[in-house]
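Here the structure is laid out as structure tokens; the discussion comes afterwards.
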Amino acid sequence: MLLPRELLILLSLKVCLAGETPNNTRHGPVFTQEPSDSIFPLSTEDKRVFINCRAKGNPPPHYRWTVDGREISTESDPNYSLAEGNLLIKNPHVVNHRGVYQCIATNTFGTIVSRQAKVQFAFLENFSRKSRSIVSVREGQAVVLLCGPPLHYGEIKYSWVFNGRRGFLQQDARRFISQRTGNLYIAKVEALDAGNYTCAVRNMMTNATVFSSPTPVVVRGDAVMGEYEPKIEVQFPDTLRVSKGSSVTLECFALGNPVPSISWRRADGNPLPGKIKINHSTGVLEIPYFRPEDAGVYECVAENSRGLNVARGQLLFQNVEHLQWVHTPKDADIAIGASLQWECKAMGNPRPAYKWLKNGQILPKEGEIYVEAGKLSITRISLSDSGMYQCVAHNEHGSVYASAELKVVASPPDFTLRPVKKSTVVQRGGEAVLECRPYASPRAVTSWWRGGELLKDTERQTVMDDGTLRITNISKFDGGRYTCVARNHFGTSSSTGTLVVKDDVDPTRITVPPLSLDVTTGQSLVLPCGFKNNLIVLLTWSLIGFLQTSVLWVFIMSECIDGTSGDLMVRNIQLKHSGKYVCMVHTEVDTVSAAAALRVTGPPGPPEALAVTDISDTTVQLSWGSGPDNHSPVTMYMVQAKTPFSIGWQTVATVPDSVPGQMMHATVRDLSPWVDYEFRVVAINSIGVGEPSTHTKQIRTKAAVPKVAPVGVSGGGGARGELVITWEPVSEEHQSGEDFGYIVAFRPAGSSTWIQTVLASPDASRYIYKDDSIEPLTLFEVKVGVYNSIGEGQFSRMVRVFSAEEEPSEAPLSIWARAVSASEIEVHWKPIPSGSSRGKILSYEVLFWEEGSRPSEPRRVRIISATTALLSGLKGNTIYLISVRAENSAGFGPGSPAFNITTKKPPPNRPPSNIEWKLTNSKIFLNWEHVKAMENESEVTGYKVVYRQAWNSMTSVLETNKTSMALQIPSGENYLIEIKALTEGGDGSSSGPIRIPKMSS
């Protein structure tokens, strides 16, 4: 057992080190990059696809690929080629080249296979050109128009075009487009719905859009459909499993006359999570970042004047955890005939299963090989077991691969590192031990020879099982050369040493012995041990501890000639280093030793048997027993305490103030009544502060009348006729007992009679006295006292508080406004003069509503410390009435006379269309058609181009008054671009994201 790490051995001995063999850098393949699941957009410009794979190894590995388990031949299939380890697919075909790909890397040490990667291609075929049948429907009836999308792969967005107009059909409460089926639903057909409807399908990856043949809709005028209750035509599944962190979208839309309204709720009555997004006009509910608490039954309610209908579905939380390695096998170099045990373990939900591969093939359970789940055992290693092994953990969501290399070591005996000792000196009559320990795999069989004669076991000489030769009662004739011969299946080797027998050898002497010392903790010292000897020595230091229950040893070996010293340095001495240190010098012929005692003085140990008695409201009696003084008498004791309200342990006051070292008891004073305390005691001596005692169990002091009065008493404000009084609550630490509460006393300034009220709550911090006869800003004298179950405590100091103010008597003046856009109005006013309000104006409130229909509760905007407001979320080209009023602590004053202002016309609801782009020399050239405003829309003054990298949320914006633009962008990134029209009414509709694929540099 080694000494503590603080001990540093310094030996002035000549060290004899054996050389080391150079590192073997040859190894099997290890993946540095593996293929991953990918979806590649196919377009006329994309002619090449790369699937990545790279491995390191020495020698460098060569690569093969499989698709759907079938090996790819780059010679017979011209579409495939290799670029280093990467697989290049030229002119990929959406059907022929999709599948599950796997990379295989091989060198002379073995083969490994990569994880499997699913490769798909995003595409969108054209609609059939076949004409669609006429749909005839009565006014007031519902209709569903089928899209019937063509073959495709990748994310799809559905839209509809009405009568060939530019821009897509806008969804509202009456019209809905399902993004699951692409169908268009019209809840209640009106006469203006007659016309041709075209389904537009856009692939979000390839940016391609295709259009169906138009579906003619005829609205019959011979009859009008009567009213009927809602029929939910679009609904979500009965059961839907959602994994953690994903986003789920639920669709719900109903047909009916009148047009039904759609609302959402949870079946258990709990409120919907605040993060949920609901589009009430289109019947879509979205839950982002799904969590377990979001699971449950969700209900969609469709309602009109004829009745209601409900659709429901259950969202189940699916706890999917991606596979992650916890433990993987490591490369192993193992001797032939030895055994091997490897284990791998992965975390995941569902729990993974395991399989083992050797050189890319399933490892069979046969012979010496045993496989059980993540464990692999080989009982007797043979040369054929060398190779690359892989553990594969897999569940229904994927697989992870871990690889390790097994090198089987087979070599003939080799004495290079551990030869037989060249010279062994023994005194006549002594004992000689000659070791024979060659490196060999498998283990070698050894024999000893002397002068051509094989040595056998006799009464004096024995060959041990480990190959060591032992000779006792040495005589002069035993001197000479001895040879150890080692053999195994792979060869034979030998090593020779000389045995020297001496009649008279100078005895070993310790010339500088260690000295006994007294030291203090934290110091450092050197214990000397000088010796004289002319033979090979073995030096050991040992510690027989005073405090330790066992003997600690450290061994230092060195093969050197001539006497020298082996000093022992002990750094940062601790109490555990006390004891008897023994220096022992061994030679081939004798052993000598010298010892010294080391006594370490340090801070005292922890006091013992701490007890608490005589508990009152502010004092307790403590007693304890002394602990070890560690060779320095205790001079004093210090008492510490901890409560639920303190930060750690705090020193507390005692009687006597300073507890002397010979006194084992004290009275703790100045404690807080009715508080839980723990106590401990610390001893101090001339060296320092010792370790604390074990703390007592928690005790509670007795209750008492509260001594701490509330602070921070003030007040003011409130409504007219109110006196508001506030204070800071007294902390639980100072409540001193049960049933704690407050006594509030107040009187008009100059009066001699106090009005009192009791608040039986320890958390109370506010009291409002109401009396309509109180004049605004009347001065009161106020104080707040405390009480508990024992009695009444002290009152706070008296303060002066004014009663509530009077509401402002005037409205703001000089109010004016301007329309900023179709949805925003900016309002300005002058502040109320200081003399028109008995009190400070806290804020202003702007009230606004549409002309001709003032609601019972108009919309409001509250403004603090400013005289301007921005009203947003307004309707375009609409007259709004606006009024402003002031507020102080008593409430609102009168509103200003309402005045009207009209918002600007809304921007066109049609986005820029017929967008074309070209990509040349790191530039994107954009062209689009001018957006023409309708009569009720604002004129287009320019355009805004918004662009960003596909992976980044940060956007850049450029404006132009033309219908074209050139963007300078770096190569090697995918970009998303949107175009909007600019008008005085605001930004127009977005063109939607245009995906620009990354280009080569």
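Within segment 114-153, being touching a Phe, Trp or Tyr at 6+ places or on another chain (Cβ under 7 Å) and either among the aliphatic types (A, V, I, L, M) or closer than 30 Å to Tyr185 by Cα (or both) holds for Ala117, Val119, Ala122, Phe123, Phe127, Val144, Leu145, Cys147, Pro150, His152, Tyr153.
Restricting segment 479-534 to residues that are within 20 Å of Val426 (Cβ to Cβ) and of a type in the set (Asp, Glu) leaves a set whose member that is most open to solvent (accessible area, probe 1.4 Å) is Asp504.
When Val219, Val201, Val189 are checked against the criterion of being touching an Asp or Glu at 6+ places or on another chain (Cβ under 9 Å) and either closer than 30 Å to Ala295 by Cβ or part of a strand (DSSP E or B) (or both), Val219 stands alone in meeting it. Of all residues assigned to segment 357-370, none qualifies as being in a loop (DSSP other than H, G, I, E, B), farther than 26 Å from Thr25 by Cα and within 36 Å of the chain's Cα centre (by Cα).
Got a number for residues in segment 790-844 being within 21 Å of Ala869 (Cβ to Cβ) and surrounded by fewer than 18 Cβ atoms within 10 Å (Cβ to Cβ)? Don't jump to the end; show me each part of the working.
First pass over segment 790-844, keeping only residues within 21 Å of Ala869 (Cβ to Cβ): 807-808, 810-833, 836-837, 840-844.
Keeping just the survivors that are surrounded by fewer than 18 Cβ atoms within 10 Å (Cβ to Cβ) gives 810, 813-814, 816, 818, 824, 826, 828, 830-831, 833, 836, 840, 842-843.
Final tally of qualifying residues: 15.
When the residues of segment 777-789 are filtered to those that are assigned to a loop (DSSP other than H, G, I, E, B) and farther than 24 Å from Ser889 by Cα, the one that is least open to solvent (accessible area, probe 1.4 Å) is Asn788. Based on what the data block shows, is Pro442 within 30 Å of Ile336 (Cβ to Cβ) and either buried (at least 17 other Cβ atoms within 10 Å of the Cβ) or in contact with a helix residue (DSSP H, G or I) (Cβ under 7 Å, 6 or more places away or on another chain) (or both)? The answer is no for Pro442.
Quick grid of which residues meet (1) crowded, with 19+ Cβ neighbours inside 10 Å; (2) not acidic (Asp, Glu); (3) not in a loop (DSSP other than H, G, I, E, B):
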{"position": "Pro894", "(1), (2), (3)": "no, yes, no"}
{"position": "Pro897", "(1), (2), (3)": "no, yes, no"}
{"position": "Trp917", "(1), (2), (3)": "no, yes, yes"}
{"position": "Lys932", "(1), (2), (3)": "no, yes, no"}
{"position": "Asn936", "(1), (2), (3)": "no, yes, no"}
{"position": "Tyr947", "(1), (2), (3)": "yes, yes, yes"}
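Listed conditions (1) assigned to a loop (DSSP other than H, G, I, E, B); (2) open to solvent by 60 Å² or more (accessible area, probe 1.4 Å); (3) more than 21 Å from Lys932 (Cα to Cα) are all met by Lys962, apart from (3). Screening Pro237 against (1) open to solvent by 40 Å² or more (accessible area, probe 1.4 Å); (2) over 30 Å from Ala295 (Cα atoms) leaves a single unmet condition, (2).
Taking the criterion of being surrounded by fewer than 19 Cβ atoms within 10 Å (Cβ to Cβ) and under 17 Å from Lys188 (Cα atoms), the residues of segment 163-173 that qualify are Leu169, Gln170, Asp172, Ala173.
For segment 133-143, which positions are part of a strand (DSSP E or B) and either open to solvent by 50 Å² or more (accessible area, probe 1.4 Å) or modelled with pLDDT under 90 (or both)? Step through it out loud before you land on a result.
If we filter segment 133-143 for residues that are part of a strand (DSSP E or B), which is where we start, we get 135-139, 143.
The answer is Ser136, Arg138, Glu139.
Only residues that are under 28 Å from Phe40 (Cβ atoms), part of a loop (DSSP other than H, G, I, E, B) and among the basic types (Lys, Arg) were counted in segment 153-186, giving 1. There is no residue in segment 245-259 that is in the same structural domain as Glu155 (by the TED database), over 38 Å from the mean Cα position of the chain (by Cα), outside any strand (DSSP E or B) and modelled with pLDDT of 90 or more. The lone criterion from (1) farther than 21 Å from Leu874 by Cβ; (2) part of a strand (DSSP E or B) left unmet by Pro911 is number (2). Within segment 290-335, the set of residues being more than 30 Å from Arg26 (Cα to Cα), outside any strand (DSSP E or B) and of a type outside the set (A, V, I, L, M) comprises Phe290, Arg291, Pro292, Glu293, Asp294, Ser305, Arg306, Asn319.
Out of the residues in segment 70-118 that are farther than 28 Å from His152 by Cα and β-branched (Val, Ile, Thr), state the one that is most open to solvent (accessible area, probe 1.4 Å). Across segment 70-118, the extreme among qualifying residues is Thr108.
Are any residues in segment 888-921 under 47 Å from the mean Cα position of the chain (by Cα) and closer than 30 Å to Phe802 by Cβ, and if so, which ones? Explain how you work it out, then say what you get.
Of segment 888-921, the ones under 47 Å from the mean Cα position of the chain (by Cα) are 889, 906-921.
Ser889, the sole residue that qualifies.
Under the condition of being open to solvent by less than 30 Å² (accessible area, probe 1.4 Å) and within 22 Å of Ala187 (Cα to Cα), the residues counted in segment 284-312 number 8.
Can you tell me which residue is nearest to Thr496 (Cα to Cα) among those in segment 365-422 that are of a type in the set (Phe, Trp, Tyr) and touching a residue at least 60 places away in the same chain (Cβ under 8 Å)? Please lay out each step first, then the result.
Step one: filter segment 365-422 for residues of a type in the set (Phe, Trp, Tyr), giving 370, 389, 401, 415.
Those still in the list that are touching a residue at least 60 places away in the same chain (Cβ under 8 Å) too: 389, 401, 415.
Working: Tyr389: 42, Tyr401: 51, Phe415: 10 Å.
Filtering segment 365-422 for residues that are of a type in the set (Phe, Trp, Tyr) and touching a residue at least 60 places away in the same chain (Cβ under 8 Å), the one nearest to Thr496 (Cα to Cα) comes out as Phe415.
Sort out which residues of segment 422-434 are buried (at least 16 other Cβ atoms within 10 Å of the Cβ) and touching a strand residue (DSSP E or B) at 6+ places or on another chain (Cβ under 8 Å), and write them in order of number. First the steps, then the outcome.
Taking segment 422-434 as the starting set, the residues that turn out to be buried (at least 16 other Cβ atoms within 10 Å of the Cβ) are 424-428, 430, 432, 434.
Scanning segment 422-434 gives Thr424, Val425, Val426, Gln427, Arg428, Ala432, Leu434.
Of the residues examined, Tyr389 is not one that is open to solvent by less than 40 Å² (accessible area, probe 1.4 Å), closer than 26 Å to Val248 by Cα and out of contact with any helix residue (DSSP H, G or I) (no Cβ under 6 Å at 6 or more places or on another chain). The condition of being modelled with pLDDT of 90 or more and surrounded by fewer than 20 Cβ atoms within 10 Å (Cβ to Cβ) holds for only one of Ile186, Ile156, that being Ile156.
Per the conditions (1) within 19 Å of Gly715 (Cβ to Cβ); (2) surrounded by fewer than 18 Cβ atoms within 10 Å (Cβ to Cβ); (3) at pLDDT 90 or above, the sole criterion not satisfied by Ile774 is (3). Going through Arg680, Arg720 one at a time, which residue ends up being open to solvent by 10 Å² or more (accessible area, probe 1.4 Å) and not in a loop (DSSP other than H, G, I, E, B)? Result of the check over Arg680, Arg720: Arg680.
Under the condition of being open to solvent by 80 Å² or more (accessible area, probe 1.4 Å) and within 20 Å of Ala393 (Cβ to Cβ), the residues counted in segment 358-381 number 6. Residues of segment 336-356 that are open to solvent by less than 40 Å² (accessible area, probe 1.4 Å) and either among the hydroxyl-bearing types (Ser, Thr, Tyr) or not in a loop (DSSP other than H, G, I, E, B) (or both): Leu340, Trp342, Ala346, Gly348, Trp356.
The values are calculated or read from the model by the stated rules, or taken from the named source; none is laboratory data. Because the structure is predicted, anything quoted here is derived from the model rather than measured. Here the Cβ is made from the backbone with ideal geometry for all residues, glycine too, and neighbour counts use every protein chain on show. Surface areas here come from the heavy atoms of the whole protein model, side chains and all, with no ligands, DNA or RNA. Shrake-Rupley method; radii C 1.70, N 1.55, O 1.52, S 1.80 Å.
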